[in-house]
1. If you fit an axis through the alpha-carbon atoms of helix 2-24 and take the longest principal axis of the Cα set of the chain, what angle between them do you get, 0 to 90°, nearest 10?
2. Once the Cα gyration tensor of region 95-175 is diagonalised, what are the square roots of 5 times its eigenvalues, in whole Å and ordered largest first, as equivalent ellipsoid semi-axes?
3. Checking a compactness column here: for region 37-78, what do you get for Rg(Cα) / (2.2 N^0.38 Å), N being the number of residues?
4. Go ahead and set up a Gaussian network model of the chain, Cα springs under 10 Å, then flag whichever of VAL57, VAL69, VAL108 fluctuates most.
5. In debye, nearest 20: dipole of the chain around its Cα centre with unit charges on the Cβ of K, R (+) and D, E (-)?
6. Residue by residue, what Karplus-based ³J(HN,Hα) values in Hz, rounded to whole numbers, does region 172-183 have, using 6.51, -1.76 and 1.60 with θ = phi - 60° and x for Gly and Pro?
7. Taking 7 Å along the Cα-to-C-beta vector as the label spot, tell me the GLU201-MET52 distance in nanometres, rounded to one decimal.
8. If you wrap a convex hull around the alpha carbons of region 2-203, what volume per residue comes out, as a whole number of Å³?
Amino acid sequence: MKIKIVGIFVCMLLITTILPMTALAGDPENPEFVDKIRDVKLFGVFIIPFQMEYKYVDIVAAWLHEESVTPDYLSVSLQIRDLEAKTESLEAIYSVDWAWNNHLILVVLHINPDGIGTFDVGRSLDYNDDIEEWITCDGMVDVEQNIITWSVPKEFIGNPPKGATIENIYPLTSLRFTDASGMPLMDLFKDLSLNAKTSKEYVIQY
Ligand SMILES: [Ca+2]
Ligand SMILES: [Ca+2]
């Protein structure tokens with residue numbers, strides 16, 4: 001009886017230590033952010049009945065992740081319903097922002113008829129939402145998997161230590177006229193994160 005109770009106790013200990021570990025690390029199977037699909041809206045407000053034309057800005061999920069071999073980088077991945085390496089006429093803007101230590105961080109990528117732009121990361125230097133400083137970072141567009149990944153140097157975002165909680169992870173996409181078109185640079189179509197199915201925190205692993 002005693003052995004059985006000890007066995008149950010050990011099992012419970014294992015479950016309580018393993019479960020948080022698996023739940024904390026972001027990956028495609030366990031993303032921090034899961035969006036509805038077919039929810040791209042005109043001006044971010046009006047529902048569009050047919051979404052075939054907007055698959056390349058329809059957010060599916062977003063997650064943060066780190067590798068033990070590159071502990072100085074925080075990777076951010078954004079999954080889209082059907083990602084394209086270039087657009088036909090409009091400019092697609094992909095971004096994910098989050099908060100740590102009361103500072104806002106934002107990663108951005110533009111894809112337009114010329115192709116893929118630079119992978120940028122910005123930070124606010126004070127406690128408001130304005131981004132004051134930008135750098136270009138490494139990144140990857142995987143059109144097979146429909147995933148954009150930014151590789152963010154931790155130093156630029158204030159070196160969040162192991163155990164730090166990254167909160168309010170919110171992706172956003174928009175479609176607007178290109179600079180070259182001479183048309184007003186307003187967001188025509190957007191996929192907002194207000195209707196997320198899942199939105200949770202990420203804990204720094206390294
Ligand atoms: Ca969506
Ligand atoms: Ca959405």
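1. Helix 2-24 and the main axis of the chain meet at about 20 degrees.
2. Numbers: eigenvalues 107, 39, 28 Å².
Each semi-axis is the square root of five times an eigenvalue, giving 23, 14, 12 Å.
3. On the way: Rg = 15.7 Å, N = 42, 2.2 N^0.38 = 9.1 Å.
Ratio of Cα Rg to 2.2 N^0.38 Å: 1.72.
4. VAL69
5. 1080
6. 8, 10, 8, 10, 9, 5, 6, 4, 5, 6, x, 8
7. Here the modelled spin labels are 4.5 nm apart.
8. About 155 Å³ per residue, rounded to a whole number.
Read the figures in this text as sums done on the coordinates, not as results from a lab. Worth saying up front: this structure is predicted, and the values here are computed from it rather than measured. Note that each Cβ is placed from the backbone with ideal geometry, even for glycine, and that neighbours are counted across all protein chains shown.
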